[in-house]
Amino acid sequence: MMLRAHLHRAAVACIFGLATLPAAADTAPCQPWPAWNAFRTHFINEAGRVIDPSAPPGLTTSEGQAYSMFFALVAGDQDNFARILRWTEDNLADGDLTARLPAWQWGRRPDGSWGVLDENAAADADLWIAYALGEAGRLWNEPRYAALSRLLAERALREETLDLAGLGRTLLSGPSGFVQASGQVRLNPSYAPLQIMRRFATLYPQRAWTQLAATSLEVIVRAAPRGFAPDWVRYRVGAGFQADTETGAAGGFNAIRVYLWAGMLAEDDPARAVLLRTLRPAAQAVAMRGTPPLSVATRDGKMTGTGPAGFSAAMLPMLSALRMHDAADAQRLRIEARAPLAQSDNYYDQALVLFGAGFAEGRYRFARNGALVPTWTCAAH
């Protein structure tokens with residue numbers, strides 16, 4: 001029975017292009033990444049702007065730029081990495097990422113002109129940009145990238161964190177707009193991948209990064225008492241965590257990334273067992289339903305709708321980490337059965353596919369200290 005299950009998983013992986021790449025990176029042949037090539041062709045223009053064709057048409061976010069820089073790094077695509085970075089700096093940071101965090105939203109203004117729509121920054125994008133730059137600096141031996149990474153990381157630390165009584169130094173979702181006059185702080189559990197905190201704590205040894213890793217873990221665990229992560233949560237000093245007044249206790253398009261980041265943690269990361277234990281009910285729900293829900297009422301576990309294929313991809317690492325192999329196989333089948341990427345205008349959905357399926361394919365992993373281990377460190381043949 002075990003052999004048959006193993007062969008079934010291997011067959012599914014081969015059919016869907018999700019076969020695990022050889023573990024020995026120094027002897028494995030370098031592999032192309034067709035999904036990245038399709039994503040780049042469909043969503044990124046020649047200047048390096050990542051365009052979301054969905055709604056509103058032509059929108060660009062710092063998140064999209066950040067994720068695409070990471071994908072380019074995983075693919076070993078130095079030219080497009082540089083192009084995406086250049087557009088981001090020129091258009092979201094007034095031409096100087098050493099002086100400011102990137103604006104989070106760019107697109108068509110009411111007067112028909114194009115430019116920044118919201119000057120506020122988004123902490124998740126800022127961390128991913130800094131992370132991609134730091135790892136690109138190391139892997140490609142580019143001192144400029146490494147220096148820019150450190151500047152961005154330190155600016156994010158100054159402008160996008162707050163020392164909260166009873167919790168400690170905590171990641172805010174941006175520089176402004178998330179601390180309420182009432183003293184409540186609005187937090188997003190999906191904005192803080194522990195891999196990034198681990199890496200910055202190693203590269204830029206400040207106690208604050210270790211504190212952020214600890215508080216980010218606490219936010220995820222305490223915001224998910226029934227094992228389902230919410231999109232947003234409120235924290236009030238003296239009262240603890242409460243449902244978000246704007247979105248309630250729902251978990252959907254934001255929260256799906258909590259499971260994704262947790263499933264991709266290194267096996268020897270001490271937080272991995274805590275998160276897998278905490279979030280197991282979400283994985284069990286996917287296994288029982290056959291598909292991830294579009295939304296979950298995290299306080300009672302009530303599920304509604306069916307999440308897109310990107311949700312299935314986001315759950316792959318966690319399902320595999322929990323050894324729910326049949327459920328993981330079912331999500332792979334679902335990803336393949338959905339429309340090809342070239343026919344989809346849903347940028348976010350496809351970004352989740354690159355993250356989750358790319359990890360499941362073995363194209364990259366994270367070391368315990370958060371370092372990126374891409375498979376292009378293989379031997380070219």
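The values are calculated or read from the model by the stated rules, or taken from the named source; none is laboratory data. On a predicted model such as this, the values are computed, not experimentally measured, just so you know. All Cβ positions, glycine included, derive from the backbone under ideal geometry; neighbour counts span all protein chains shown. The accessibility values were calculated without ligands, DNA or RNA, using every heavy atom of the protein model including side chains. Shrake-Rupley method; radii C 1.70, N 1.55, O 1.52, S 1.80 Å.
Among 285-291, 307-313, 163-169, how do they line up by average Cβ neighbours within 10 Å per residue, starting with the highest?
On the way: 285-291: 16.4, 307-313: 27.0, 163-169: 14.3.
Per-residue mean Cβ counts within 10 Å order the peptides as 307-313, 285-291, 163-169.
Among 241, 252, 195, flag the residue with its Cα farthest along the positive direction of the charge dipole of segment 195-254, charges on Cβ as +1 for Lys/Arg and -1 for Asp/Glu.
After comparing all options, I get 195.
If you plug each phi of segment 168-178 into the Karplus form 6.51 cos²θ - 1.76 cosθ + 1.60 with θ = phi - 60°, what whole-Hz ³J(HN,Hα) values come out, in order, with x for Gly and Pro?
My calculation for segment 168-178 gives x, 5, 10, 6, 8, 7, x, x, 9, x, 10 Hz in order.
Give me the 1.4 Å probe accessible area per residue for the chain, excluding ligands and nucleic acids, in Å². Can you show the working numbers first?
Working: 15750 Å² over 381 residues.
Dividing the accessible area of the chain by its residue count gives 41 Å².
Using a simple charge model, +1 on the beta-carbon of Lys and Arg, -1 on the beta-carbon of Asp and Glu, nothing else, what dipole does the chain show about its Cα centre, in debye to the nearest 20?
Working: 37 positive and 35 negative charges, 231 e Å.
Taking the Cα centre of the chain as origin, the dipole is about 1120 debye.
Taking H placed 1.01 Å from N in the peptide plane, check which residues at least 5 places from residue 44 or on another chain put their amide H under 5 Å from its amide H.
51
Per-residue HN-Hα couplings for segment 182-193, Karplus 6.51 cos²θ - 1.76 cosθ + 1.60 at θ = phi - 60°, whole Hz, x for Gly and Pro?
For segment 182-193, the Karplus-derived couplings read 6, x, 6, 10, 8, 10, 10, x, 7, 7, 10, x Hz, x marking Gly and Pro.
Output wanted: per-residue J couplings in Hz (rounded whole) for segment 154-164, from phi through Karplus 6.51 cos²θ - 1.76 cosθ + 1.60, θ = phi - 60°, x for Gly and Pro.
Once rounded to whole Hz, the list reads 5, 5, 4, 4, 6, 9, 10, 9, 8, 7, 9.
So, counting K/R as plus one and D/E as minus one, what does the shell of residues with Cβ under 12 Å around residue 193 add up to?
Details: positive: 198, 199, 257; negative: 124, 269.
Within the 12 Å Cβ shell, the charges total +1.
Classify segment 222-308 as rounded, prolate or oblate from the Cα gyration tensor: take a ≥ b ≥ c as the square roots of its eigenvalues, call it rounded if a/c is under 1.5, otherwise prolate when a/b beats b/c and oblate if not. List each step's numbers first, then the result.
Numbers: a/c = 1.95, a/b = 1.09, b/c = 1.79.
It is oblate, given that a/c is not under 1.5 and a/b is not larger than b/c.
If a/c stays under 1.5 just call it rounded; otherwise compare a/b with b/c (prolate if a/b is bigger, oblate if not). Do that for segment 234-381, with a ≥ b ≥ c from the square roots of the Cα gyration tensor eigenvalues. Mind showing how you got there, number by number?
Working: a/c = 1.78, a/b = 1.28, b/c = 1.39.
In terms of gyration-tensor shape, oblate.
Starting from the Cα gyration tensor of segment 118-195, take the square roots of the eigenvalues, sort them a ≥ b ≥ c, and report rounded, prolate or oblate (rounded when a/c is under 1.5, otherwise prolate if a/b is larger than b/c, else oblate). Intermediate values should be presented prior to the final figure.
Working: a/c = 2.65, a/b = 2.24, b/c = 1.18.
Because a/c hits 1.5 or more and a/b exceeds b/c, segment 118-195 counts as prolate.
Would you work out which of 68, 87, 101 lies farthest towards the positive end of the dipole of segment 37-120, given +1 charges on the beta-carbon of Lys and Arg and -1 on that of Asp and Glu, about the Cα centre?
Of the listed residues, the answer is 68.
Pairs of alpha-carbon atoms within less than 8 angstrom and 6+ residues apart define the contacts here; what relative contact order does the chain have, in percent?
18 percent
Determine the relative contact order of segment 235-356: mean sequence separation of Cα pairs under 8 Å and six or more apart, normalised by residue count, in whole percent. Write down the numbers at each step before the final one.
Working: 144 pairs, mean separation 31.3, N = 122.
Relative contact order, segment 235-356: 26 percent.
Which peptide among 234-245, 35-46 comes first, and what is the full order, when sorted by highest mean count of other Cβ atoms within 10 Å?
On the way: 234-245: 14.8, 35-46: 17.0.
Descending mean neighbour count gives 35-46, 234-245.
Can you tell me the length gained on complete extension of the stretch residue 284 to residue 239, counting 0.36 nm per residue apart and subtracting the Cα distance?
On the way: separation 45, 0.36 × 45 = 16.20 nm, distance 3.06 nm.
Length gained, residue 284 through residue 239: 13.1 nm.
Spin-label point model (7 Å from Cα, Cβ direction): what's the residue 113 to residue 226 distance in nm?
Between residue 113 and residue 226, the simple spin-label model gives 4.9 nm.
Around residue 94, with a cut-off of 12 angstrom between Cβ atoms, what is the net charge of the other residues, counting Lys and Arg +1 and Asp and Glu -1? Intermediate results must be reported in sequence, preceding the final value.
Numbers: positive: 100; negative: 89, 90, 96, 119.
After counting each charged neighbour, the total is -3.
Just the number, please: carbon plus sulfur as a percent of the accessible area of the chain, 1.4 Å probe, no ligands or DNA/RNA counted.
Numbers: 8370 of 15750 Å².
Here it works out to 53 percent.
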